[in-house]
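Please read the structure below before turning to the comments.
The values are calculated or read from the model by the stated rules, or taken from the named source; none is laboratory data. As the structure is a computational prediction, the values presented were derived from the model and not from experiment. With ideal geometry, Cβ positions are generated from the backbone for all residues, glycine too; neighbour counts draw on all protein chains shown. In case anyone asks, the SASA skips ligands and DNA or RNA and just uses the protein heavy atoms, side chains included. Shrake-Rupley method; radii C 1.70, N 1.55, O 1.52, S 1.80 Å.
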There are 2 protein chains.
Amino acid sequence: MAKEVTNKEENYSLWYNNLVMKADLAENSAVRGCMVIKPYGYAIWEKMQAALDKMFKDTGHVNAYFPLFIPKSFLSKEAEHVEGFAKECAVVTHHRLMNSPDGKGLVVDPAAKLEEELVIRPTSETIIWNTYKNWITSYRDLPLLCNQWANVVRWEMRTRLFLRTAEFLWQEGHTAHATEQEAIEETERMVNIYARFAREFMAMPVIVGSKTATERFAGAIDTLCIEAMMQDGKALQSGTSHFLGQNFAKAFDVQFTGKDGKLDYVWATSWGVSTRLIGALIMAHSDNNGLVLPPKLAPIQVVLVPIFKGEEELNTMREQLLKVKAELEAAGISVKLDDRDNLRSGYKFAEWELKGVPVRIAIGPRDMQNGALEIARRDTLEKQVIPMADAAAYVTDLLQSIQENIYNKALAFREKNTFVVDNYEEFKTRIEDGGFFLCHWDGTAETEEKIKEETKATIRCIPFDMPSEPGKCMLTGQPSAHRVVFARAY
Amino acid sequence: MAKEVTNKEENYSLWYNNLVMKADLAENSAVRGCMVIKPYGYAIWEKMQAALDKMFKDTGHVNAYFPLFIPKSFLSKEAEHVEGFAKECAVVTHHRLMNSPDGKGLVVDPAAKLEEELVIRPTSETIIWNTYKNWITSYRDLPLLCNQWANVVRWEMRTRLFLRTAEFLWQEGHTAHATEQEAIEETERMVNIYARFAREFMAMPVIVGSKTATERFAGAIDTLCIEAMMQDGKALQSGTSHFLGQNFAKAFDVQFTGKDGKLDYVWATSWGVSTRLIGALIMAHSDNNGLVLPPKLAPIQVVLVPIFKGEEELNTMREQLLKVKAELEAAGISVKLDDRDNLRSGYKFAEWELKGVPVRIAIGPRDMQNGALEIARRDTLEKQVIPMADAAAYVTDLLQSIQENIYNKALAFREKNTFVVDNYEEFKTRIEDGGFFLCHWDGTAETEEKIKEETKATIRCIPFDMPSEPGKCMLTGQPSAHRVVFARAY
């Protein structure tokens, strides 16, 4: 089974597609650019949702739900916003089908044309700020801290499962504040929550920083982001948090009376992560045997594989198998007992490796007699025989250890592939091999654009924790205050 | 505040709309027929989702996600299905907007017309069965038990918040089975789960039964349902479970090889409940003071209202308030401390009554000294003073008691308003006052249609637990084996 997965060193892109399909995470649907998220993939999303939702609620946010449809005219109200999204909008123009008068089947009923076309939300700032107008009148209504879990549609021409699909699932937070300072703090709070989620749950190190003007969200004053390195050395933007200033408040006329009795426009943020994170998770950790899932997000943390010949032998083992399972479950571990009788255990081992289950426990009849278990960890493929009675304690520690190990491995990989480069010719050569490049840049969009044209590398972010280090732009020689992160990106 | 709610005896429909709006559950959006679900309303939906999702998973179902879009041609593949949904489909015809060449703003780009129109899913049988075709080849792939939490769109002409909206949120289960018997059992299992959810969580008694052929889901062999009585005596269909036979398997050519090596079409079910349940919840229990929420679904179970003059007095009370809050929370109760200093406590009492919080605790400075609390229950509005030290135990019992009481009250109301009627003239008169009518019917669609035309009453269901009782159809005098439930319905 795992043999059918292309080696990532041979063809990284094909390796990724193989994993997504063969590990039963997702597949392309009959609708161009839209994916079906299969149960195993969706279970990872549910784990991500649960962890993020708790973090949002712990910081005072509440969930709500806004319409899927956005009247066309709303999009136009914020000039940069419409510029950014108009070209990739799915547009609803009619509300009825009918049987064709010529008997040629189902057609759009021309009599059911909408007065104003509706766009499927590519993001919800416009419909939400049109709603907030009625919710906010006084400083007492602020801050307003809403999040929405929803599907959105951006009509992308080149799609890839999880990474870039026409429809995707995400959460979008939309907050309203009385002061600029509070909104900026919220923007930072949320990008830091994303960074913590990436590190603690996804075991994925990320760089936190701000985007350049060119790479900002359409309509934002500032876009903060987390950027992760994939195993091919490319960057993947994994979450963004936008300071929107008063742009949307002005576009939708949302004003409030302050404590001082004066009217002012409301300050806004928005922030989101999507099912793209599943793509990041796969590419950050997996290997040529299949997925490597961090225990905190693995739908199945332990698979228990009995080794038996015939149903009778399985039945003699069943009581003890269920006891081990129950002990692990009592320790809060999710366990799958794979007692299928039509597959060899070698096949099962390969299948669960492919699916990235962090811990595999194998038990044969002799182990039963000896009160022993064989435990294999997915990240290093190491095996260990332990006393059956120690299973719960051992596995609890092991899951923690795997979670840390894959984080450390990914961090070491990133560090190994992060380079300080000052010479543009050197940059142009080395960018071909991937990696993050810490370089000086003169701060202009022109330079950024030229570097992108010549190397396909973009400025992923201006990191928050980059030390002040005066230097010269690698392209123009103009002064630069600190380095930024260049990379090719997904 | 509650005074602004119309009495339900005066205008039931306006009372309902008032409650939804004033209790901050939902509002109409700028998009015709689509609602905004506000945080307080969405929190109820989250509680419903959590309870239902657990019940689905406990019975072996897994979640997945299928595309929002359905190619127009898919709809046509099942003849009855397309007949049922074609007239209310939102249709995507283009994938791009552009600036109008005449400078008149944003228009649909005619060059971006889709080859085949896409319908926003009104329900997902077609796209899912087109997908299942690739997932099912052998009996070993069955049963396939998937559920999806999603938004769907049905372009309704007359909409009402929660009860009937163009876009709504729901779950839709789609299962595939090797035998007819297993599929029928699944259909029954799921309608019984809905009934249990309605009774245990919503505190709402329901009648479980099957729909007549006229009222079936488009494409189903049999539709099972739960029907609840609202306080105006009208019925509300609250959940449906469909036995689809082999209709969709045949339409999408989904066959499997059985244990015997023979090819056969797969047997199917689908089942769903939606945000309509929130409408049912409101109308089943609420009164002229506002919502009455069952404790198991209330976003806030207890509101703690300190009675104080000025910030200083509040501060002297705060430590003890937080202690009471912590004790309740430790007992698993969700608590809101309402320490707003700009509102009178009378105003707060009315507001939390309007929002249906099951238990209100008021504490004044004298109560503090006496170590006492005043507890008011929302369902009966009764008050009781209890020792502060007993709060957690008392409230735990009280919440249970409220949950039972509102179920019993709703059940008593339904029983009082359920009538056995044999004379059609009597039926025609009495149906005007609402209620469920147990009547004999000859089993024909013609009779059903005539009664509907003349009385606006429909057959809500043929209940499962109705005793066999031969009789004569109230309209035609033809023989009938047992009574069915007639009512006017939402």
Handout entry: Long-range amide H partners of A:VAL273 with built H, under 5 Å
Key = A:GLN171
Exercise for the section: Report the net charge of residues surrounding A:ALA372, where surrounding means a beta-carbon distance below 11 angstrom and charges are Lys +1, Arg +1, Asp -1, Glu -1. Expected result: -2
Fill in the blank from the handout: With a 1.4 Å probe and ligands and nucleic acids left out, the total accessible area lost when A pairs with B, in Å² to the nearest 100, equals 5100 Å²
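Compute the Kirkwood hydrodynamic radius of the range B:185-253, taking the inverse of the mean of 1/r over all pairs of distinct Cα atoms, and give it in Å to one decimal. Intermediate values should be presented prior to the final figure.
Values: mean 1/r = 0.0779 Å⁻¹.
Radius from the Kirkwood sum: 12.8 Å.
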Exercise for the section: Just give the residues from the range A:48-93 buried by at least 30 square angstrom of accessible area in the all-chains context relative to the isolated chain, probe 1.4 Å, and say none if nothing qualifies. Expected result: A:ASN63, A:ALA64, A:TYR65, A:PRO67, A:LEU68, A:PHE69, A:LYS72, A:ALA86, A:LYS87, A:VAL91, A:VAL92, A:THR93
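Cα-based count: Lys pairs in the range B:231-373 below 14 Å, eight or more positions apart or different chains? Please report the intermediate quantities before stating the final value.
Values: B:LYS323/B:LYS336; B:LYS325/B:LYS336; B:LYS336/B:LYS348; B:LYS336/B:LYS355.
For the range B:231-373, qualifying lysine pairs total 4.
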Handout entry: In Hz, Karplus ³J(HN,Hα) per residue of the range A:311-324 (6.51, -1.76, 1.60; θ = phi - 60°; x = Gly, Pro)
Key = 5, 5, 5, 4, 5, 5, 8, 4, 4, 5, 4, 5, 5, 4
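Need the full-extension length gain, A:GLN320 to A:MET157, defined as separation in residues times 0.36 nm minus the C-alpha distance. One decimal, nm.
Numbers: separation 163, 0.36 × 163 = 58.68 nm, distance 5.39 nm.
Difference between extended and current length: 53.3 nm.
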Exercise for the section: Please report how many Lys pairs in the range B:379-490 have alpha carbons closer than 23 angstrom, counting only residues at least 8 apart along the chain or sitting on separate chains. Expected result: 10
Problem - Neighbour cut-off at most 16 other Cβ (10 Å), DSSP loop, GluC sites (Glu not before Pro), the range A:366-410 - result: A:GLU382
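How high is the relative contact order of chain A, given as a whole-number percent (alpha carbon pairs under 8 Å, six or more residues apart)?
Values: 979 pairs, mean separation 68.9, N = 490.
Dividing the mean separation by the residue count of chain A yields 14 percent.
Taking all protein chains in place and a 1.4 Å probe, what share, in percent, of the accessible surface of the range A:427-490 do carbon and sulfur account for?
The nonpolar share, carbon plus sulfur, comes to 50 percent.
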Problem - Estimated inter-spin distance, A:THR418 and A:THR396, nm [label 7 Å along Cα→Cβ] - result: 3.5 nm
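All other residues with a Cβ under 13 Å from the Cβ of B:ARG158 taken together, and with Lys, Arg as +1 and Asp, Glu as -1, what is their net charge? Numbers along the way, then the final one.
Values: positive: B:ARG32, B:ARG154, B:ARG160, B:ARG164; negative: B:GLU88, B:GLU156.
Summing Lys/Arg as +1 and Asp/Glu as -1 gives +2.
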Exercise for the section: Provide the net charge surrounding A:VAL20, with neighbours chosen by a C-beta distance below 14 Å and charges set as Lys +1, Arg +1, Asp -1, Glu -1. Expected result: +4
Practice task
For the range A:1-159, compute the number of Lys pairs whose alpha carbons are separated by less than 22 Å, excluding pairs fewer than 8 positions apart on the same chain.
Solution key: 14
Problem - Whole-Hz couplings from phi, Karplus 6.51/-1.76/1.60, listed for the range B:303-309; x for Gly and Pro - result: 10, 10, 10, x, 10, 8, 10
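At 222 nm, what value in deg cm²/dmol follows for chain B if DSSP H runs of at least 4 each add -39500 (n - 2.57) and the sum is divided by all its residues, to the nearest 500? Spell out each step's value before the answer.
On the way: 14 runs with 170 residues, N = 490.
Only helices count here, giving -11000 deg cm²/dmol.
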Problem - At 7 Å out from Cα toward Cβ: B:THR418 inter-copy label distances (nm, ascending) - result: 6.8
Handout entry: Karplus-derived HN-Hα couplings along the range B:117-132 (A = 6.51, B = -1.76, C = 1.60, θ = phi - 60°), whole Hz, x at Gly and Pro
Key = 4, 10, 9, 6, 3, x, 4, 10, 3, 5, 5, 6, 5, 5, 7, 4
Fill in the blank from the handout: So the angle from the long Cα axis of helix A:12-22 to the longest Cα principal axis of chain A, reported in degrees to the nearest 10, equals 70 degrees
Fill in the blank from the handout: To the nearest Å², the heavy-atom accessible area per residue of the range A:198-265 with 1.4 Å probe amounts to 33 Å²
Exercise for the section: Report, to the nearest whole %, how much of the accessible area of the range B:70-194 belongs to carbon and sulfur atoms, 1.4 Å probe, protein only. Expected result: 48 percent
Practice task
Kindly report the accessible area of the range A:343-426 per residue (heavy atoms of protein chains, probe 1.4 Å, no ligands, DNA or RNA), in Å².
Solution key: 49 Å²
